[in-house]
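Take a look at the structure set out below.
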Amino acid sequence: MNDYVISVLLGIIEGVTEFLPVSSTAHLRIAEALLDLDLRDSFWKMYTVVIQLGAILSLPVYFRRRIVEFVSTFPSGERGDRTVLTHPLSLTLLAFVVTALPSFLLKRQIGQNLESLAVMGWALLLGGIVMWVVDYLFQKARITRLEEMTLPQAVWIGAVQILSALFPGTSRSMCTIAAGQVAGLSRSAALEFSFFLSMPIMVVATGYDLLKTLRPHEQDAADATLAPVVMNAHAWIVLAIGFVVSFVVALVVVAWFMRWVRARGFTPFAIYRIIAGIILLVLVNRGLL
């Protein structure tokens, strides 16, 4: 298949799945396996990182007004009842730190799991069951807006999101949404916090991987997951196509998902995860992937 077509397909998959609670990592790995791409190839490893960055950049574009609102009301908040520790920006940063530190310490285990389709299959399946149960049991929310979140809730959500780093296929948004609902957030508030928390996490994660790709001499031998990349005009075009497609598709999906959640629940995504997880485990068990 033509590299340009492959880039468009992968860009669409990344853009659609990055912020839906279905795991973009699992879908990209499955797609790469079906397309028979060499996952050890330095270019395609870097390509995956770059299109993830393209998707994540759609968030500050979509939430630009909310970001300006939060920055302008820091630290007291719009009602004057927030502090430096309890403002939404501070809570996002705190949840990020709670997630990032353990994830960095466990990066070797994370690297091993990223190559395991079996781990992703189980994560999709079990995560779907958890999401379904949580969405059914925790429908009465105490908090409907990010401005009402508390410090313990942010710490709890950040801690749960470690699972998404340790077990690819779990999904960052699924962990954040489910943890938020359990903590008393409404579906829309949990989803919005998921998006805000994704920004620092994904920027740091993709930036770290890109640094390892572009400056491989700075990584130790045990962590050499990305190799040096030699770029030519063709490679740059393929990379640009994937980046732009993932950005545009992600922007559309985020807008649609916010509207969907305000009127409906997460059950369809939970069912999809369960079905996808079962299919993936069957294919892996039969040696077809």
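Observations
- Yes/no for Leu280 being among the aliphatic types (A, V, I, L, M) and touching a residue at least 24 places away in the same chain (Cβ under 8 Å): yes
- Selection count where residues are aromatic (Phe, Trp, Tyr) and assigned to a loop (DSSP other than H, G, I, E, B), scope the range 10-54: 1
- Those residues of the range 4-34 which are crowded, with 18+ Cβ neighbours inside 10 Å, small (Gly, Ala, Ser), modelled with pLDDT under 90 and at negative phi, in sequence order: Ser24, Ala26
- Among the residues making up the range 50-80, those that are of a type in the set (Ser, Thr, Tyr) and free of Cβ contacts under 8 Å to residues at least 12 places away in the same chain are Ser72, Ser76.
- The single condition among (1) in a helix (DSSP H, G or I); (2) surrounded by fewer than 19 Cβ atoms within 10 Å (Cβ to Cβ) that Met1 does not satisfy is (1).
- Any hit, the range 189-196, residues being at pLDDT 90 or above, closer than 19 Å to Tyr62 by Cα and charged (D, E, K, R): yes
- Residues that are assigned to a helix (DSSP H, G or I), free of Cβ contacts under 8 Å to residues at least 40 places away in the same chain and surrounded by fewer than 13 Cβ atoms within 10 Å (Cβ to Cβ), drawn from the range 232-255: Ala233, Trp236
- Residue in the range 92-103 that is of a type in the set (Gly, Ala, Ser), in contact with a His (Cβ under 9 Å, 6 or more places away or on another chain) and farther than 26 Å from Ala276 by Cβ present: no
- Selection status of Met46, among the hydrophobic types (A, V, I, L, M, F, W, C), buried (at least 19 other Cβ atoms within 10 Å of the Cβ) and modelled with pLDDT under 85: yes
- Any chance Trp122 is among the aromatic types (Phe, Trp, Tyr), closer than 17 Å to Ile271 by Cα and modelled with pLDDT of 85 or more: yes
- Count of the range 69-99 residues which are of a type in the set (D, E, K, R) and under 11 Å from Met149 (Cα atoms): 1
- Unique match (being at pLDDT 85 or above and within 29 Å of Ala159 (Cβ to Cβ)) among Val253, Val248, Val244: Val253
- Matching residues in the range 152-167 - criterion: being more than 17 Å from the chain's Cα centre (by Cα) and farther than 14 Å from Ala179 by Cα: none
- Of the helices (runs of 4 or more DSSP H) lying entirely inside the range 90-207, those containing at least 3 residues that are surrounded by fewer than 16 Cβ atoms within 10 Å (Cβ to Cβ) and either out of contact with any helix residue (DSSP H, G or I) (no Cβ under 7 Å at 6 or more places or on another chain) or in contact (Cβ under 8 Å) with a residue 60 or more places away in the chain (or both) are 107-113, 117-137, 151-160.
- Test set (1) within 19 Å of the chain's Cα centre (by Cα); (2) of a type in the set (Gly, Ala, Ser); (3) surrounded by fewer than 18 Cβ atoms within 10 Å (Cβ to Cβ); (4) at pLDDT 90 or above - Ser76 fails condition number: (1)
The values are calculated or read from the model by the stated rules, or taken from the named source; none is laboratory data. Worth saying up front: this structure is predicted, and the values here are computed from it rather than measured. Positions of Cβ are backbone-derived with ideal geometry, glycine not excepted, and every protein chain shown enters the neighbour counts.
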